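Rule-based calculations on the coordinates, nothing more; no lab input. These figures come from a predicted structure and were not determined experimentally. All Cβ positions, glycine included, derive from the backbone under ideal geometry; neighbour counts span all protein chains shown.
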């Protein structure tokens, strides 16, 4: 394959991944890695290096839009980032030690989880709770707009949420993904933060988490500019278009179709990892 | 900026919101600058070596030590090759700009919380900043 063909093919795949990732809320990383490894035979370490970079691009690029909506909570995000960044450093170190086959299998398993969670597509809890003692001391509670009025909400189970976030960060550093799905579970289910606050705060956190593993990825040679360039430009363009279209799209059917595609990719990655073809 | 009385349980909403808005804008500018740099380096790369054969099946970290090869694995090496207008160095420099955007966000949040006289969250932001610095120092 010539450099021009490769760059073009990667850009198109990344654009699609970014577009679908934004529409379904799953993020571009979970699609771009299997697309590069399965369709173009790119080594998974280059793929996750490029994916990590694109994760930062979409998170930072969308930040202003999310802030405007007034849902994200900068205190919750910053506090939990202590856990995600520490986890991310551990994950990035592990990524250098774990072999290619094992990475493919772990990635496949995480994809299956993402597909199932997306298929279940729950609205999450929107019943605000009162903060417990620790959350009060950390002043994590705040308010967010519901039908034009400010609704106050509290936060619970901070230690458990913190632990979950460490795991989310480790997955992000190990696989070069945003692991937004796990972050949302930690905030929405464990810490009982309203769903909309959880998803937007998670987006805000993803970039900082990814930046924590980026330095380690760079020094290990995971970030190859010839692969990362079309991935970053493609995912960013796709995600920006996806965010524009999102308002008008029928997301429910799309999510279901997308979950099945991800499930198929997951199985192929696991099989390739086991048979040693990847 | 209003200084909240010590008894308020809720954080002063407007100050946090303003802080987040400023940070959000800055992040967008950072991403655009990064994308422009990566695009410029990418065009240069394709003009110079569009018909070269590429293959990424095996993981072979870029060779730093070989003479003539740009050093793309360390911060200083990337900056040096970008200044020489090496195409891959430019792309990598653009990617470094991108990696710097969330770091800048944390640093700005620390400043913002300090201005709000919020000692707890100034410290929290600084802890996150130290962790990020640890990872980046790894790349020098």
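General remarks:
- Distance between the C-alpha centres of the range A:97-114 and the range B:99-139: 31 Å, rounded to the whole angstrom.
- For A:29-41, mean number of other protein chain Cβ atoms within 10 Å: 1
- Prolate/oblate/rounded call for the range A:170-278, Cα gyration tensor, a/c under 1.5 rounded: rounded
- Rounded to the nearest 10 degrees, the inclination of helix A:225-245 to the longest alpha-carbon principal axis of chain A is 40 degrees.
- Counting every pair of alpha carbons in the protein assembly as shown, the share spaced more than 27 Å apart comes to 47 percent.
- Förster radius 35 Å - calculated FRET efficiency between residue A:113 and residue A:9, Cβ distance, rounded to 0.05: 0.80
- By the count of neighbouring beta-carbon atoms within 10 Å, fewest first, B:123, B:78, A:129 end up ordered B:123, A:129, B:78.
- Sequence ranges A:265-271, A:253-259, A:96-102, ranked by mean other-Cβ count within 10 angstrom, highest first: A:265-271, A:253-259, A:96-102
- For residues of B:126-132, the mean tally of beta carbons on other chains within 10 Å: 6
- Rounded to the nearest 10 degrees, the inclination of helix A:251-275 to the longest alpha-carbon principal axis of chain A is 50 degrees.
- Take the Cα of residue B:59, step 7 Å toward its Cβ, do the same at residue A:146, and the gap between the two points is 4.6 nm.
- Working ranking of peptides A:26-39, B:82-95 by packing, defined as the average number of other Cβ atoms within 10 Å per residue, highest first, is A:26-39, B:82-95.
- Spin-label pair residue B:79/residue A:267, simplified geometry with 7 Å Cα→Cβ offset, distance in nm: 5.1
- Counting only other chain Cβ atoms within 10 Å of each residue's Cβ, the peptide B:37-47 averages 3.
- Packing here is the average count of other Cβ atoms within 10 Å per residue, and on that basis the peptides A:187-197, B:50-60, highest first, run A:187-197, B:50-60.
- Helix A:100-120 axis, angle to chain A major axis (alpha carbon atoms, nearest 10°): 40
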